1. Please note which helices (runs of 4 or more DSSP H) are completely contained in region 68-163 and include at least 1 residues that are farther than 30 Å from Gly197 by Cβ.
2. Has region 40-49 got at least one residue that is over 30 Å from Pro171 (Cβ atoms), part of a helix (DSSP H, G or I), without any contact (Cβ under 8 Å) to a residue 40 or more places away in the chain and not aromatic (Phe, Trp, Tyr)?
3. Here is a check on your reading of the model: is Arg44 in the same structural domain as Tyr98 (by TED's automatic domain parsing), more than 30 Å from Ala112 (Cβ to Cβ), modelled with pLDDT of 95 or more and not hydrophobic (A, V, I, L, M, F, W, C)?
4. Name the pairs whose Cβ atoms lie under 6 Å apart, with the first residue in region 77-105 and farther than 30 Å from Thr229 by Cβ, the second part of a helix (DSSP H, G or I) and of a type outside the set (A, V, I, L, M, F, W, C), and 6 or more positions between them or separate chains?
5. List the helices (runs of 4 or more DSSP H) that sit entirely inside region 214-280 and contain at least 3 residues that are surrounded by 17 or more Cβ atoms within 10 Å (Cβ to Cβ) and modelled with pLDDT of 95 or more.
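The values are calculated or read from the model by the stated rules, or taken from the named source; none is laboratory data. Predicted model, so just to flag it, every value in this text is computed and none were measured. Cβ coordinates were reconstructed from backbone atoms using ideal geometry, including for glycine residues, and neighbour counts include every protein chain displayed.
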Amino acid sequence: MDMRKADFIGLALLAVVIGCRYSVPMADFYAERCYPVISAILSRVASVCPVSLEEVVVICFILAFLVVLIGSLIRKRGFFGWLARTARVAMWLAVWFYLGWGNNYFRTPLYARMGIERAAFDKTEFEGFLSGYTRALNAVSGSAVPVDRSTLEADVKAFYSDKVTRFGYTPIHHWQHVKDPLLNPLYSSVRVLGFMGPFLCESQLNLDLLENEYPFTLAHELAHLAGVTSEAEANYWAYTYCRQASSPFVRYSGYLGLLPYVASNAAALLPEEEYAAWASKLEPVVKADYAASRDYWDGKKIKFVDDLQRWLMDLFLKSNRVSEGAQDYAGVVGMIMTMDRTL
């Protein structure tokens, strides 16, 4: 196939990507009809390799940009020659990212699909949520019997395939296993506990995860694999899975994983004395585990790299119509209250 034909195909696929960005019905068709097939095929191909291939793809694209730059300098192709070749690589990067997974960003949001509105803040209702959440968290605090990770993964998959697909998401197949990142120290330096790979539909979990962080993080990343793009919603489904689990340890992971978002909401919405009164009700083991997790990841963090990653993530999310940017993570509490009121 010559380059003209390849470029024509690439531009045609890019037109599909642009169409999904600006046409919600087109994006819905992609999410409901195309993504299940595409993700199944890509992940099936990737499943033959025991290590993560997502980073390999990214590295290959970085090398491609460098090859274009160096080649243009050596052959003295000039600025426009370099720009044309760089645009070609960028085109295929965008096509693969968005057709592989990214077009899910542009589908009809969950609330609109359900025909509901987000619950407005009500102090009494929030206090009721806070009270129930705190009792449930304290009740399972100190649960120290982890579950088998392969059994846990199978259970999360079954939950998503049974419950979450009812909301328009994609079933998770038996060959879609979480993988270990190749560049794990990099992710630990920016406290990335896991990530969903859009190029081959692989889910990766940080090898440095604390034991009590694993169930919640696993469920969060598998939510992305099912087609969830909102970070708040991925947190919601992870929490929803964990709190209904039979294992007290898994339930504790879910409640503990939600604690930073609950605490930030409580600090923002309650008077200082009421916030302090709530915090005093947390069991000592909960406070110790929360502090241990914070100190553990702070010890691995490289501030400059972490700040850069947060800025890039915020920019990336906003460019894909997640208006809250990186703050989208914290929206999970409002989603829990809205969904619990509705379902």
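1. Hits in region 68-163: 78-100, 123-140.
2. No, every residue in region 40-49 fails to be over 30 Å from Pro171 (Cβ atoms), part of a helix (DSSP H, G or I), without any contact (Cβ under 8 Å) to a residue 40 or more places away in the chain and not aromatic (Phe, Trp, Tyr).
3. In short, yes.
4. Taking only residues 6 or more apart or on different chains, the pairs are Gly81/Ser72; Trp82/Ser72.
5. 214-225, 231-244, 248-269
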